[in-house]
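Remarks on the structure that follows.
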Amino acid sequence: MRKAEEGLISMCEERARMLQDQFAVSVNHVHALAILVATFHYEKHPPALDQDTFADYTARTSFERPLLSGVAYAQRVVHADRESFERQQGWIIKTMKHEPSPVQDEYAPVIYSQETVSYIEGLDMMSGEEDRENILRSRASGKAVLTRPFRLMSNHLGVVLTFPVYLVDLTADAKEEDRVAATAGYLGGAFDVESLVENLLRQLAGNQELVVNVYDVTNNSNPLLMYGSEVPLGNPSPWHVCMLDFGDPYRKHHMICRYRNKPHVPWSAITTPSGVFVIFMLVGYILYAAWSRYDNVKEDCRKMEELKKRAEAADIAKSQFLATVSHEIRTPMNGVLGMLDMLLDTDLKSTQRDYAQTAQVCGKALISLINEVLDRAKIEAGKLDLESVPFDLRSILDDVISLFSSKSREKGIELAVYVSERVPEILLGDPGRFRQIITNLVGNSIKFTERGHIFVQVHLADHSNLATEAKVEPVAIGMNGHKNETTAVATSVSRNTLSGFEAADSRNNWENFKLLLSYEKNEMPYESVSDKVTLVVSVEDTGIGIPLEAQGKVFTPFMQADSSTSRTYGGTGIGLSISKCLVEIMGGQINFVSRPHVGSTFTFTAVLQRCDRSAINDSKPVMLHPLPSSFKGLSALLVDRRLVRATVTKYHLQRLGITSEVVATIELALGALSGRNGHSLASTKLPCMLLIESDSWSSKMDVSLRSRLLEMKQNGHTPVLPKIILLTAAESDKLKANYAVDFVITKPLKASTLAACLFQALGITQTQPSHEKRDSSGSLRGLLLGKNILVVDDNKVNLRVAAGTLKKFGAKVECVESGKDALTLLQIPYKFDLCLMDIQMPEMDGFEATRRIRAVEARVNKQADAGDDSEADGATGAGKWHLPVLAMTADVIQATHEECTKCGMDGYVTKPFEEKQLFQAVQKFLDPGMSS
């Protein structure tokens, strides 16, 4: 070990000596340049040196100074000569911050510079406190002076070397005042310390064995690293310190050398008897440990295999348990809700009806909770599959808006939706699951928002990404761009939003929204032509936000922000977890930005497929909600000072075929209608309606607006007075009594509601679409009227509910309580048009009963094909016997649905079923227009 230390000291001393020598050579080159400036600038008349000559000379001789990134000369200028000096140079003296230099005794502006540092020309080298002290020390001592280390333009650590330039030769023992009087200027050079040490170490043998660090230790309590890494080495090793003398007596430097790895033990230490003994002991221990490890791994594998079998058995048991629990809970709930529904169809007193409706709402809430828990269980088991059917995205969003409209009116908040024009009208995907995600997000927003707005936007991913990338704002490190809750609340963002309240995501403002609108108007050159469509859906609210400490567990099942959340706002905390899983199954991602006391913005993507109307067929039915065409060609004038809100209103009007223009105030609207004061409408057609937002209206406007409109009509500016319609989030009846308007439309807006209000306000007769006139296929009563239906269920309450529901829509119903009784009635030729079959029944379940029905049908159809009509009873090759059998089940587990298909059932109806669900299930079997 001593030899290793002696070798370290020798190598360290050698490197320190060579480093000092190379530095001295570079210092001598700078000194020579100082003499050159003194000779050719001050001793020649006129001076033989100028900027171009200096730059050319230093560039051509830069090979002599490879460790200097650049040199420059600064002339000494006293304040009395400053004005004449600046006039001669044609520029003013500036500080290092490129500002005019303040008044001081003297200056040191750079007049000559190498091309590599030409940016410092005209800068005062004495404007910085430390630079000033170094220059004063340099001229007082006549020696080279160094600065403390700093980062050069090359990102290497370096120092600035400063030499005084004298007008006359001075002796070595000249006094300080003589040196100051003789000073003409200062020559400086930027010295690359890292390159110097690197070049030195490259030339020496054993470089890979040593780690070298160079420090500026002028301040012992705070040494400054000039070369090397401050990262500690893995193994402790000997080290040695060498002092370095770079010629500046004021600044002190030293070099620390150490071995990169711990010195190796010599071979002679191993070959001793004790060394051999230790080696054998180590080998024996390694073999023993390896064998023990093998036994442990083998035992662990056996336990893991056993645990795997248990987990698989538990998974099967869990699925069976969920199926049973689902059935056992839904079966009585079906009876409760069904009987309540039948009770509400009877003649009840107002109090009795209120009690029944309250019970019905509570029952549906319980069913919704059961569905959420079962959805989570199906997702965990990997048994949740998505449908792929055509659907109208805009209609789904309208349905969600309708669901929460009463709550938003009650709270007085803006609830709005906007869908980009580029989003296809019909998409292929799972509408139920898409609706579930939107409903969960909007439901949370409604729950936690007391003022402001909730805004749902849908755009194409390409356009949304462009708008986001167009305005990238730096954010601090932390959750959602905030280090703590204080900064999260205090940060200021644009308030040009839907309601004027601040939004959590600063990108959701009018500027970005306007950028998205511009992408809609202009065809994008790279727009995808594939069948896949990636949507970006955002739900923005101005609610209470999510505390920063709770944002990491937002998507954790059954977790809420704190224990008081469920007490104050209700809910189980499972909705966001399910939404995240559904989004990921759809091939997308979900994230959020939330700021406490400001609000939250949840954004998710979903990958769907395009679907043309021509591709819709019987196998892929789609529920379309066509809008009336009576408004096409009409125009409207909208008064709204909030641009985002005005764009949303224009979107709904455009869906009805109404063109519209927007002005900020009623005064501007009147000016546009009259064509005075330089205002005019872009459209030549006068608007038939004047839509005014409630915050742009005041009670004082009642008489004045009417009188001015009548005056314009008399003057011939407006032949027909436009209908004045007020848009508000408050109760319409109260406002209509207060304001003299023609009609009040209560938000939230959706196309169908807006159309109904405009029919009434404008006095337009509503024409019923032709497809709605066909009662036989447009309603459940039209489908079931006069149809014979067999209901099979072992629960008498469920039989009464099912029979009562079907009879209400005009069906003839017969009920049996077992699969065997059903087989007795279902003899070919059938007298029934449809069979609703329960699954879990004693003696013979619904699966077995359906299999026997299909076996009988197959045998009869086969005989009909063979020409034996003894049992066929009218079956032909063109129309074979096949009775539609729908499973009537309270079990919503996917495995049950698969079993229904395997045994020959044509579909299923989940108990308790509702009118819309039953219509969709039986339409393709009982509607003549859709049957084959």
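The values are calculated or read from the model by the stated rules, or taken from the named source; none is laboratory data. Nothing here was measured: the structure is a model prediction, and the numbers come from that model. Here the Cβ positions follow ideal geometry from the backbone for every residue, glycine too, while neighbour counts run over all protein chains shown. Just the protein is used for accessible areas: all its heavy atoms, side chains included, with ligands, DNA and RNA removed. Shrake-Rupley method; radii C 1.70, N 1.55, O 1.52, S 1.80 Å.
Before moving on, here are some points about what is shown:
- Residue within segment 662-680 that is part of a strand (DSSP E or B), modelled with pLDDT of 90 or more and either assigned by the TED database to the domain that holds Gly452 or within 30 Å of Gly452 (Cβ to Cβ) (or both) present: yes
- Among residues that are surrounded by fewer than 17 Cβ atoms within 10 Å (Cβ to Cβ) and under 21 Å from Glu899 (Cβ atoms), Lys796 is not included.
- The residues of segment 144-153 that are open to solvent by 10 Å² or more (accessible area, probe 1.4 Å) and not in a loop (DSSP other than H, G, I, E, B), listed by number, are Phe150, Arg151.
- Within segment 689-725, being open to solvent by less than 40 Å² (accessible area, probe 1.4 Å), at pLDDT 70 or above and assigned to a loop (DSSP other than H, G, I, E, B) holds for Trp697, Pro722.
- Residues located in segment 47-88, provided they are part of a helix (DSSP H, G or I) and acidic (Asp, Glu): Asp52, Asp56, Glu64, Asp81, Glu83, Glu86
- Residues (at pLDDT 80 or above and under 19 Å from the mean Cα position of the chain (by Cα)) located in segment 494-509: Thr497, Glu502, Ala503, Ala504, Asp505
- Scope segment 89-141; condition part of a helix (DSSP H, G or I), of a type in the set (D, E, K, R) and loosely packed, with under 14 Cβ neighbours inside 10 Å; matching residues: Glu115, Glu129, Glu130
- Only one of Glu64, Glu86, Glu115, Glu99 that is of a type in the set (D, E, K, R) and within 24 Å of Val180 (Cα to Cα): Glu86
Here's the yes/no breakdown for (1) more than 30 Å from Leu460 (Cα to Cα); (2) open to solvent by 60 Å² or more (accessible area, probe 1.4 Å); (3) modelled with pLDDT of 60 or more; (4) more than 20 Å from the chain's Cα centre (by Cα):
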{"residue": "Gly543", "(1), (2), (3), (4)": "no, no, yes, no"}
{"residue": "Glu549", "(1), (2), (3), (4)": "yes, yes, yes, no"}
{"residue": "Phe558", "(1), (2), (3), (4)": "yes, yes, yes, yes"}
{"residue": "Arg567", "(1), (2), (3), (4)": "yes, yes, no, yes"}
{"residue": "Leu576", "(1), (2), (3), (4)": "no, no, yes, no"}
{"residue": "Ser579", "(1), (2), (3), (4)": "no, no, yes, no"}
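- For segment 412-459, the set of residues classified as touching a strand residue (DSSP E or B) at 6+ places or on another chain (Cβ under 6 Å) and among the polar types (S, T, N, Q) consists of Ser420, Ser445, Thr449, Gln457, listed by residue number.
- Test result for Val212, touching a Gly at 6+ places or on another chain (Cβ under 9 Å), part of a strand (DSSP E or B) and open to solvent by 40 Å² or more (accessible area, probe 1.4 Å): no
- Residue satisfying all of: in segment 248-283; assigned to a loop (DSSP other than H, G, I, E, B) and modelled with pLDDT of 80 or more; surrounded by the most Cβ atoms within 10 Å (Cβ to Cβ) among these: Asp248
- Only a single item in (1) modelled with pLDDT under 85; (2) open to solvent by 40 Å² or more (accessible area, probe 1.4 Å) is not met by Lys820, and it is number (1).
- For beta carbons closer than 8 Å, sequence separation of 6+ or different chains, a first residue in segment 154-173 that is closer than 18 Å to Arg132 by Cα and open to solvent by 30 Å² or more (accessible area, probe 1.4 Å) and a second that is modelled with pLDDT under 85 and among the basic types (Lys, Arg), there are no qualifying pairs.
- From the list Leu825, Leu836, the lone residue that is modelled with pLDDT of 85 or more, under 17 Å from Asn788 (Cα atoms) and touching a strand residue (DSSP E or B) at 6+ places or on another chain (Cβ under 6 Å) is Leu836.
- Evaluation of Asp56 against the conditions (1) in contact with a helix residue (DSSP H, G or I) (Cβ under 8 Å, 6 or more places away or on another chain); (2) closer than 21 Å to Ala190 by Cβ shows that the sole unmet condition is (1).
- Scanning segment 801-809 finds one or more residues that are at pLDDT below 85, farther than 30 Å from Ile692 by Cβ and of a type in the set (Phe, Trp, Tyr).
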